[in-house]
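Structure first, commentary second.
A short reminder: the numbers here are calculations on the coordinates, not readings from a lab. Just so it is clear, the structure is predicted and the values come from calculations on it, not from any experiment. No Cβ is skipped: glycine too gets one built from the backbone with ideal geometry, and neighbour counts run over all protein chains shown.
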Amino acid sequence: MVRILTEMDYEVTGIDILPSIFTNKVGSISDRQFVKECMKDIDVILHTATLHKPHVVTHTYQNFIDTNISGTLNLLEEAVLAGVKTFVYTSTTSTFGDALTPPEGAPAAWVTEEVTPIPKNIYGVTKAAAEDLCKLFYRNHGLACIVLKTSRFFPEEDDQKTIREEYEDDNLKANEFLYRRVDIEDVVKAHLLAVEKANAIGFGRYIISASTPFAINDLINLNVNAPMVVKRLFPYYEDIYAKRGWKMFPKIERVYVNELARKELGWYPKYDFSYILDCLRSGKDFGSPLARTVGIKGYHNLKFEEGPYPV
């Protein structure tokens with residue numbers, strides 16, 4: 001975000017706990033006084049700071065509450081005191097938790113903003129609570145707040161060993177663009193549109209995931225025989241995959257739906273499964289230029305024997 005906003009000639013204050021060329025002020029949002037000092041002349045807050053799923057094993061519940069809930073509260077309260085006009089909160093589809101896993105043999109889950117979250121870990125609990133804080137501050141203080149529930153856009157390998165052993169990493173990510181992945185360039189575009197539309201919307205909560213080709217009447221078959229459904233929609237995908245030794249998931253248990261973001265934010269992601277197939281057919285990298293530039297940042301300063309982070 002800081003990279004793109006700076007290129008667009010916005011005056012940006014980047015806050016992080018680690019120094020970098022995109023960080024103006026080093027400190028934590030859990031420090032109320034530090035947050036207060038960062039609010040001078042600020043019109044818009046883009047709140048992406050978080051402890052994430054990869055930190056669930058390495059950090060305490062209190063760490064999650066301090067950053068994800070108390071840190072968000074610090075930003076919201078100081079934003080109101082400083083007269084900030086717009087607050088955009090980067091949340092996650094992980095808040096849906098157990099609502100994403102239908103019973104065996106049931107249709108795949110059709111996941112819209114109307115689905116009731118059933119968080120399954122402290123990450124989901126604290127992100128859902130922070131979303132509700134944003135809604136409260138719009139209700140009680142009139143602070144325009146947009147919540148963006150992003151799906152997977154990180155480039156790290158999958159956290160499940162069995163998945164890593166069964167699928168090449170690019171194969172895995174290409175499959176995910178059908179239902180649960182989004183490119184970071186499209187995520188940034190969604191944030192910029194959220195800033196632009198926030199005052200007119202007031203409060204909004206949007207799923208930010210690549211546009212799925214599936215429809216509701218595909219859900220029964222998706223959770224039983226996903227390759228059959230994909231072949232019906234993309235008859236040529238098997239040949240493209242076969243040349244690389246790739247394969248489709250046997251089942252897809254959920255589908256993230258971005259219809260509300262397209263309708264109310266005017267957000268139309270570029271990078272979807274059809275785009276991925278076009279890139280594979282022409283031998284191009286299917287990641288956006290921004291995704292390639294940003295690369296892998298990692299979540300820890302430690303190395304783990306099994307995967308990118310402990311599960």
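Some values worked out for this structure:
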| read-out | value |
| --- | --- |
| 12 Å beta-carbon shell around residue 188, net charge (K/R +1, D/E -1) | -1 |
| Amide H within-cut-off set for residue 109, under 5 Å, with H built and near neighbours excluded | 254, 255 |
| Over 19 Å between alpha carbons, listed pairs 53/297; 53/149; 53/303; 85/270; 173/247; 189/263 | 85/270 |
| The stretch 21-29 - phi-based ³J(HN,Hα) in whole Hz, Karplus 6.51/-1.76/1.60, Gly and Pro as x | 5, 9, 10, 8, 10, 9, x, 10, 5 |
| Extension gain, residue 233 back to residue 101 (0.36 nm per residue minus Cα-Cα distance, nm) | 45.2 nm |
| Percent RCO, i.e. relative contact order, over the chain, from Cα pairs under 8 Å lying at least 6 residues apart | 19 |
| Other-chain or far-sequence residues with amide H under 5 Å of residue 91's (modelled H) | 148, 149, 150 |
| The chain: calculated mean residue ellipticity at 222 nm from DSSP helix runs of at least 4, using -39500 (n - 2.57) | -11000 deg cm²/dmol |
| Rounded to whole Hz, the Karplus (6.51, -1.76, 1.60) HN-Hα couplings of the stretch 66-73, x for glycine and proline | 4, 7, 7, 9, 5, x, 5, 4 |
| With at most 12 neighbouring Cβ atoms within 10 Å, loop GluC sites (Glu not before Pro) (DSSP) excluded, longest segment of the chain | 115-304 |
| Residues whose placed amide H lies under 5 Å from that of residue 51, excluding near-sequence neighbours | 68 |
| Length-normalised contact order of the stretch 141-299 in % [C-alpha pairs under 8 Å, at least 6 apart] | 32 |
| Summed side-chain charge close to residue 281 - residues other than residue 281 whose Cβ falls under 10 Å, Lys, Arg +1, Asp, Glu -1 | 0 |
| For the stretch 184-199, Karplus couplings with θ = phi - 60° (6.51, -1.76, 1.60), whole Hz, Gly/Pro x | 4, 5, 5, 5, 4, 4, 5, 5, 5, 5, 4, 4, 5, 9, 4, 5 |
| Sparsely packed trypsin sites (Lys or Arg not before Pro) within the stretch 226-311, loop by DSSP, other Cβ within 10 Å at most 14 | 251, 270, 284, 297, 303 |
